1. So the check is Cβ under 6 Å with 6+ separation or different chains; which pairs have a first residue in region 91-114 that's within 13 Å of ALA179 (Cβ to Cβ) and a second one that's open to solvent by 40 Å² or more (accessible area, probe 1.4 Å)?
2. Would you please name the residue that is most open to solvent (accessible area, probe 1.4 Å), looking only at residues in region 64-113 that are of a type in the set (Lys, Arg) and within 28 Å of ALA160 (Cβ to Cβ)?
3. Quick check: is even one residue across region 35-58 without any contact (Cβ under 8 Å) to a residue 24 or more places away in the chain, over 15 Å from the mean Cα position of the chain (by Cα) and within 24 Å of LEU159 (Cβ to Cβ)?
4. Out of all the residues in region 115-133, is one or more open to solvent by 50 Å² or more (accessible area, probe 1.4 Å) and part of a helix (DSSP H, G or I)?
5. For region 144-161: of the residues being in contact with a strand residue (DSSP E or B) (Cβ under 6 Å, 6 or more places away or on another chain) and within 15 Å of GLY70 (Cα to Cα), which is least open to solvent (accessible area, probe 1.4 Å)?
6. State which residue pairs qualify: first residue touching a residue at least 24 places away in the same chain (Cβ under 8 Å) and inside region 131-153, second residue open to solvent by 90 Å² or more (accessible area, probe 1.4 Å) and among the hydroxyl-bearing types (Ser, Thr, Tyr) in any location, beta carbons under 9 Å apart, and separation of 6 or more residues or different chains.
7. Just one of the numbered conditions (1) under 13 Å from the mean Cα position of the chain (by Cα); (2) in a helix (DSSP H, G or I) is not true of GLU98; which one?
8. Taking the stated definitions as given, is ASP56 closer than 17 Å to THR119 by Cα, surrounded by 15 or more Cβ atoms within 10 Å (Cβ to Cβ) and touching a Ser or Thr at 6+ places or on another chain (Cβ under 9 Å)?
Amino acid sequence: MPDGKWRVTASRIVHKDRWVHLRADDCVTDEGAVIAPYYVLEYPDWVEVVALDADDNVLLVKQYRHALGGVSTELPAGGMDAHETDPVEAARRELLEETGCAGTLSLVGETRPNAGTHTNRTHIVLARDVVKVAEPQDEPSERIESLWVSCAEAIRMALAGEITVGMQAASLLRGLAAAGVAKIELA
C-alpha cells in the first residue's frame, strides 16, 4: 500500500543568505507523477511566547512588518539561533530581548508554520509570572512596543483578527488553555 510520500530525484539550492534558504526539489509522487520543481523554504525553528503576569494579563508586542506594510500586533517571538537546541531557552532569550521581561517558562507544544513549503517548527512556550527585569535590546530592524492586555481582550483580539499572524493567534489560544486561564468549548 502506498504511503503517500514523494521521492526526491534531485535537489538544488536556489538562494541562500541570512534571511532565506530556498531549495528546489524534483519529486515523484507515490503514484508516479513528476512534480518539478517543488520549492521548499528552509527556516530555523521559531518560538512564540505566551507571556502572562501574576494577574494573567497577556504581554503583546507591536512592531512594523515590512511585508505587511504596517504595524502588527503579535506575541513576543522569533527565530531560534543556529546554536540553540532548547526552544524554552530560545524563548527566554527572545522575551528578554524584545520586551525586557522574564518569567517561569515551559513548553506547551509545537505547530508547523506552513507544512506545504516550510521545513521548520514553531514552538509554543508559556511564560508565567512575567515581570520587566531590563530594558529591551535596541535592534534597528525591530522597533517594538510592548503592551499588556487582559486575557479576555487577548482572546477577543485573536478571534477578531487583530493579532495579525494566524499561527500566533493559534499559539495564544493553546498557551492560554495550557495555563488554565481560558477554556475552549464546543457550542
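1. Pairs that qualify, where the first residue is within 13 Å of ALA179 (Cβ to Cβ) and the partner is open to solvent by 40 Å² or more (accessible area, probe 1.4 Å), are GLY103/ARG128; GLY103/ASP129; THR104/ARG128; THR104/ASP129; LEU105/ARG92; VAL108/ARG174; VAL108/ALA178.
2. ARG112
3. yes
4. no
5. ILE144
6. Sorted first by the residue in region 131-153, then by its partner, the pairs are GLU142/TYR64; ARG143/TYR64.
7. (1)
8. Numbers: closer than 17 Å to THR119 by Cα: no; surrounded by 15 or more Cβ atoms within 10 Å (Cβ to Cβ): yes; touching a Ser or Thr at 6+ places or on another chain (Cβ under 9 Å): yes.
When the stated conditions are applied, ASP56 does not pass them.
The values are calculated or read from the model by the stated rules, or taken from the named source; none is laboratory data. As the structure is a computational prediction, the values presented were derived from the model and not from experiment. Positions of Cβ are generated from backbone atoms using ideal geometry, with glycine treated the same way; all protein chains shown enter the neighbour counts. SASA here: full protein model, heavy atoms, side chains in, ligands and nucleic acids out. Shrake-Rupley method; radii C 1.70, N 1.55, O 1.52, S 1.80 Å.
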